[in-house]
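This is the structure I want to talk about, given as structure tokens.
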Amino acid sequence: MNINEYHSFCHLRRGEREGRDYVIRCLYRDMEFAVIAPHGGAIEPGTTEVAEAIAGDRFSFYTLEGIKTRGNKRLHIVSERFDEDKACRITQASKTVVAIHGCRGYENLVFIGGLALGYRKRMAQSLVKAGFKAEIC
């Protein structure tokens, strides 16, 4: 089974069931800033928790969590085609969006990417200052 089995959320919804295979959580708060984990739960473990911690009780938050007993990787939709309605609404309404993704490997490292170049640099500096290894990519 291909990791990118589903080409869109509409396609995923035809083969999987909300509440059994995945859950969506979305909180609209300060719309200047949103933190999302589109591959949360057991799809990319730990990403929901990181996104929730960053959002705290101030920023908007979104996650789609895989909750199957196994085979959660098949719920992965590439970011460029992630078109779930609530995710689209929150990202379109927010001035800045931070997306949290997982990465395979054995090194504890935070990769920082995206279009907001100023934020990337400040985020990397803050993470390094806090004792994390961070790299802009």
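The values are calculated or read from the model by the stated rules, or taken from the named source; none is laboratory data. Quantities reported herein were computed from a predicted structural model and do not represent experimental measurements. Here the Cβ positions follow ideal geometry from the backbone for every residue, glycine too, while neighbour counts run over all protein chains shown. SASA here: full protein model, heavy atoms, side chains in, ligands and nucleic acids out. Shrake-Rupley method; radii C 1.70, N 1.55, O 1.52, S 1.80 Å.
If you compute mean projected area of the Cα convex hull in nm² for the structure shown, which of (i) 8.6; (ii) 7.9; (iii) 10.1 do you land on?
(i)
Taking a cut-off of 16 Å between Cα atoms, list the aspartates and glutamates near LYS68, but don't count ones fewer than 8 places away on the same chain.
GLU5, GLU16, GLU18, ASP21, GLU44
Something else about it: May I ask for the distance between the Cα centers of region 103-137 and region 37-66, given as a whole number of Å?
Between the Cα centre of region 103-137 and that of region 37-66, the gap is 17 Å.
Can you give the accessible area of PHE111 in Å² (nearest 10), computed on protein heavy atoms with a 1.4 Å probe?
100
While we're on this one: Order SER8, SER126, most accessible first, counting only protein heavy atoms with a 1.4 angstrom probe.
Output order, biggest surface exposure first: SER126, SER8.
Grab the beta carbon distance between GLU5 and ASP30, set R0 = 30 Å, and tell me the FRET efficiency rounded to 0.05.
0.30
Determine the alpha carbon to alpha carbon distance for each of LYS86/LYS129; LYS95/LYS121; LYS95/LYS133; LYS73/LYS133 and list only those over 29 Å.
LYS86/LYS129
To continue, here is another question. Calculated from DSSP H runs of 4 or more alone, at -39500 (n - 2.57) each and per residue, what is the 222 nm mean residue ellipticity of the chain, nearest 500?
Value at 222 nm, helices only, nearest 500: -8000 deg cm²/dmol.
Long-range amide H contacts for ALA99: which residues qualify at under 5 Å (H placed 1.01 Å from N, peptide plane, sequence gap of 5 or more or a different chain)?
Long-range HN contacts for ALA99: ILE36.
Follow-up. Treating the beta-carbon of each Lys and Arg as +1 and of each Asp and Glu as -1, no other charges, what is the dipole magnitude of the chain about its Cα centre, to the nearest 20 debye?
Value, rounded to 20: 100 debye.
Let me ask something else. Obtain the nm distance between the two label points defined at GLU107 and GLU135 by a simple spin-label model: each point lies 7 Å from its Cα along the Cα-to-C-beta direction.
In this crude spin-label approximation the distance works out to 0.4 nm.
Continuing with the same structure: How long is the gain from ARG17 to ILE54 if the chain were fully straight, where each residue apart is worth 0.36 nm and the alpha carbon distance is subtracted?
Here the segment from ARG17 to ILE54 would lengthen by 10.5 nm.
Below 8 Å, C-alpha to C-alpha, sequence gap of six or more: please give me the relative contact order for region 1-135 in percent.
About 29 percent, as a whole number.
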